[in-house]
Amino acid sequence: MAIGGVAIGAAGLLIALSIVHGFKSAIEDKILGFGTHVTVFTHTNQPIFRADTLTTFLINMPEIIDVQAVIQGQGMVQAGDFVDGTVIKGVDPAGDLSNLRNFIAQGTYDLGEQESGRPGIVMGARLARTLGAQPGRTITLYTVRGEPGPHNFPEIMQFTLSGVYQTGIDIFDDTLVFIDRQHASRLFQLNPPRADQIDIKVADISQIGPLNRQLFDKLPFPYFNETIYQRYSNIFAWINLQEQTIPFVIAVMIIVAAFNLIGTILMMVLERTRDIGILKTMGATDGNIRSVFLYEGIFVGLVGLIIGIVISLLFWWIQGTYELIPLSEENYFLTTAPVEPRLSDFIIVSIVTLSLCAIASWFPARVAARMNPLNVIQFGR
């Protein structure tokens, strides 16, 4: 039972850590794959008037591998009798700087002219379901730049739905549509070289923070830059909170297993009281007696740890192969629980488990070593 307690505690902690790491990696991959690493815009509602000059300056920075001027604003989208609000993002005809093509669930990522003669548009799966739209459906966009009024009528343009993307994250799938920047320029009456923002892609995501601080120092007012971690800080904070709290909660299992180990070795001491007395009369020292039970406790912890590691690796293989644990995509942004074991977790859990088992074994071993051999042999105490 002591071995089983240690095995369950170690396996539970390793499985929990691997799921948390897998969950964090999967969500980060989705967000980093969908959004742009750094965005530059202005403090005011005014656009960037010389976006071409700014992009030329940015692309010469060594950390940046690509930049793109973007026209973005709010509008209305209609498919048949269904109308909904949306954020329209006008990007380069070849596509934006994200990995949106990897998330296409229906159709293709194509913003060029379709067979219908209308330009292509790409929207999220949740928005497409709301509109009842499928690839090939005619989509109408309505936009107003500034306050609507008698002299500021909405711009209207029709598109053909070429592709539907699905990330599983509502703030992406329900709000954004992508069109060619040229058509966005017409809809929002924002002619080149003006743009609403500059999207930046870096080669190494670890350089996002340093680059953001560097841009903050170099770009004058009214320019303002923001990283993807700042833009979606609530999601990243939620993920980090889970990663920080779950190990402490699950670690209680190992502590309980350690107390179980104390009880088990104490029972062994009580069962071997006469043997302890005989060994002491034959010349065994307190250290000899203490080491016997201390090694026994470490052996129990080591065997339990090995079994726990095997269970966690078996779970990793089963979940990765058969996806036995489903998740609600609306709540967790994923359809199945991801598992990502890390070598560092196995090392830390092994050290902690063996240390706790050694500490737990020391107390009953000390009790055994302090037994008086005369009393033990005479009274069996």
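The values are calculated or read from the model by the stated rules, or taken from the named source; none is laboratory data. Since this is a predicted model, take the numbers as computed values, not measurements. FYI the Cβ positions are ideal-geometry reconstructions off the backbone, even for glycines, and counts take in every protein chain you see.
Looking at (1) closer than 30 Å to ALA7 by Cβ; (2) surrounded by 12 or more Cβ atoms within 10 Å (Cβ to Cβ), can you tell me which one THR245 breaks?
Tallying (1) closer than 30 Å to ALA7 by Cβ; (2) surrounded by 12 or more Cβ atoms within 10 Å (Cβ to Cβ), THR245 fails exactly one: (2).
Can you tell me which of (1) farther than 25 Å from ALA2 by Cβ; (2) assigned to a helix (DSSP H, G or I) is the one PHE315 doesn't meet?
(1)
Look at region 98-116 and say how many of its residues are modelled with pLDDT under 95, assigned to a loop (DSSP other than H, G, I, E, B), within 29 Å of the chain's Cα centre (by Cα) and surrounded by fewer than 16 Cβ atoms within 10 Å (Cβ to Cβ).
The number of residues fulfilling the criteria is 1.
Considering region 277-302 alone, what residues qualify as being β-branched (Val, Ile, Thr) and without any contact (Cβ under 8 Å) to a residue 24 or more places away in the chain?
Correct list: THR285 only.
If the requirement is being buried (at least 20 other Cβ atoms within 10 Å of the Cβ) and under 22 Å from ALA195 (Cα atoms), which of these qualifies: VAL87, VAL91?
VAL91
Do we have ASN372 as modelled with pLDDT of 85 or more and either over 30 Å from SER25 (Cα atoms) or of a type outside the set (Phe, Trp, Tyr) (or both) here? Reasoning before the result, please.
Details: modelled with pLDDT of 85 or more: no; either over 30 Å from SER25 (Cα atoms) or of a type outside the set (Phe, Trp, Tyr) (or both): yes.
So ASN372 fails the test.
Evaluate the following for GLY95: is it under 15 Å from PHE178 (Cα atoms), out of contact with any Cys (no Cβ under 9 Å at 6 or more places or on another chain) and in a loop (DSSP other than H, G, I, E, B)?
So GLY95 fits the description; yes.
Give region 322-333 a look and list any residue that's surrounded by 16 or more Cβ atoms within 10 Å (Cβ to Cβ) and either over 14 Å from ALA26 (Cβ atoms) or at pLDDT 85 or above (or both), or say none.
LEU327
Just one of the numbered conditions (1) modelled with pLDDT under 95; (2) closer than 21 Å to GLN166 by Cα; (3) surrounded by fewer than 22 Cβ atoms within 10 Å (Cβ to Cβ); (4) not assigned by TED's automatic domain parsing to the domain that holds CYS357 is not true of ARG50; which one?
With respect to (1) modelled with pLDDT under 95; (2) closer than 21 Å to GLN166 by Cα; (3) surrounded by fewer than 22 Cβ atoms within 10 Å (Cβ to Cβ); (4) not assigned by TED's automatic domain parsing to the domain that holds CYS357, ARG50 is out only on (2).
Sort out which residues of region 117-155 are closer than 16 Å to ALA184 by Cβ and modelled with pLDDT of 95 or more, and write them in order of number. Working first, answer last.
From region 117-155, those closer than 16 Å to ALA184 by Cβ are 118-123, 139-146, 154-155; that's our starting set.
Within region 117-155, ARG118, PRO119, GLY120, ILE121, VAL122, MET123, ILE139, THR140, LEU141 meet the criteria.
Condition check ((1) over 28 Å from the mean Cα position of the chain (by Cα); (2) without any contact (Cβ under 8 Å) to a residue 24 or more places away in the chain; (3) assigned by TED's automatic domain parsing to the domain that holds ARG366) across all residues:
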position: PHE259; (1), (2), (3): yes, no, yes
position: ILE262; (1), (2), (3): yes, no, yes
position: ASP275; (1), (2), (3): yes, yes, yes
position: PRO341; (1), (2), (3): no, no, yes
